[in-house]
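Shown next, in structure tokens, is the structure this report addresses.
The values are calculated or read from the model by the stated rules, or taken from the named source; none is laboratory data. Every value quoted in this text rests on a predicted model; they were computed, and no experiment measured them. No Cβ is skipped: glycine too gets one built from the backbone with ideal geometry, and neighbour counts run over all protein chains shown. Surface areas here come from the heavy atoms of the whole protein model, side chains and all, with no ligands, DNA or RNA. Shrake-Rupley method; radii C 1.70, N 1.55, O 1.52, S 1.80 Å.
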Amino acid sequence: MSRALRQMSLTRRQILTAALATPLVIRSAGAARAATTLKMSHQFPGGTAEQGDFRDRLCRIFAAEVDKRTSGALKFDVYANASLMKTNAQFSAMRRGALDMSLFPVAYAGGELHATNLGLMPCLVTSYEQGAAWKNAEIGKALSGILEAKGIKIIAWVWQGGGVASRGKPVLTPDSSKGLKIRGGSREMDLMFTAAGAQVSTMPSNEIYIGMQTSALDAAVTSSTSLISFRLEELAKSLTSARKGSFWFMLEPLLMSKTIFDALPADQQKVLLDVGAEMEGWATKQAQHDDEEVAKVYAAKGVEVADFSAADLAEWRKIAEASSWKDYAARSSEAAELLKLAQKVA
């Protein structure tokens, strides 16, 4: 095989790694860094930096700010609505270096990396403040270490509260979920619902609409933002919102392939992490806004809106501890330790 043909047969990962490892090019009498374009994927509806689903906006604002701070050395193509690849494929693609970045619900990777199921453990995280504290606590450092060992770098920690859209009465207590075909969003959520007597169905949030439309689902739990963006108010008769608390808080961070991150110069790595950290507070405000906004959107469509009480959540926690928490910890000593570390963050 000729040298040219051998070069053509290089994988995308080899090409990217080689390109990123050679960051300087000569221009006339001076030197300037070559521009690198990174692909960023997510499953949520696309928009602009000013309008639309805040998770898509986060990606676009992040991209523009990194571009600015690196003087154009790092640029981004943002692929919304799973237009680049299927939702669940993104995690393994980043691990292989076949995808650069994704805003990704980490619990979706639970089948590939059990530790990530902690990112949507029912009743474990009960507020945005508690979730945000993970980053610098022992649990955050431990989870980051596990992800990095598997080829994934956390760039921005993002948490979202979630509620329940139902084609019938509001889902408030464990008893109210009995017999329902429900989407929980993670293995651990499904274990809790099964213990409560519900029938569970697994699918990413961008498939919930068709599930409810075809009666494959009676109810679905997802983030407040997804409850709005995927227009579930068109199908629901009731909504249980997260504005006064919820059993559903999901870690949905901006992730990056560690292969790609490590190949970048140190100053570009710093920009990525700095901008990512700055986006975290913004993301929390947007998520909290959507917890309130979703109730308004659904009420305007004539949907019954309810809220969890402290007593409701206490019932759910009792079931979660006996089912989801117990099962997660029993999987390995690593999982048991992670759960203990997470419980230390109040």
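Taking trypsin sites (Lys or Arg not before Pro) across segment 71-171, the ones in a DSSP loop with at most 14 further Cβ atoms lying within 10 angstrom of their Cβ are LYS86.
Using the Cβ-Cβ distance between GLU50 and LYS285 with R0 = 22 Å, the FRET efficiency computed as 1/(1 + (r/R0)^6) comes to roughly 0.90.
Paramagnetic label reach from SER215 (point 7 Å along Cα→Cβ; backbone nitrogen cut-off under 18 Å): within segment 132-171, residues 166-169. For segment 97-185, GluC sites (Glu not before Pro) meeting the loop criterion (DSSP other than H, G, I, E, B) and having at most 15 other Cβ atoms within 10 Å: GLU112. Normalised size of segment 153-208, defined as Cα radius of gyration per 2.2 N^0.38 Å with N residues, equals 1.27. Residues whose amide H comes within less than 5 Å of that of LEU74, counting only those at least five positions distant or on another chain, are THR36 (H built at 1.01 Å from N in the peptide plane). In straight-distance terms, cross-link reach from LYS178 covers every one of the lysines whose alpha-carbon lies under 27 Å from its own, apart from those fewer than eight places away in the same chain; here that gives LYS169, LYS237, LYS244, LYS301, LYS318, LYS326. All Cα-Cα distances of the chain, cut into 20 Å bins from zero to the largest, leave 31, 54, 14, 1 percent in each bin in turn. Among the listed pairs LYS135/LYS340; LYS75/LYS135; LYS153/LYS270; LYS141/LYS258, those with a Cα-Cα distance over 18 Å are LYS75/LYS135. Rg/Rh for segment 277-346 stands at 1.12; both radii use Cα atoms, and Rh follows the Kirkwood definition. Between ALA34 and LYS141, the contour length at 0.36 nm per residue exceeds the Cα-Cα span by 35.2 nm. Taking each DSSP H run with n ≥ 4 as -39500 (n - 2.57) and averaging over every residue of the chain yields -12500 deg cm²/dmol at 222 nm. For segment 83-150, the solvent-accessible area works out to 34 Å² per residue, with a probe of 1.4 Å and every protein chain left in place.
Of the residues GLY119, ALA330, SER144, the one whose Cα sits farthest towards the positive end of the charge dipole of the chain is SER144 (charges of +1 on Lys and Arg Cβ, -1 on Asp and Glu Cβ, taken about the Cα centre).
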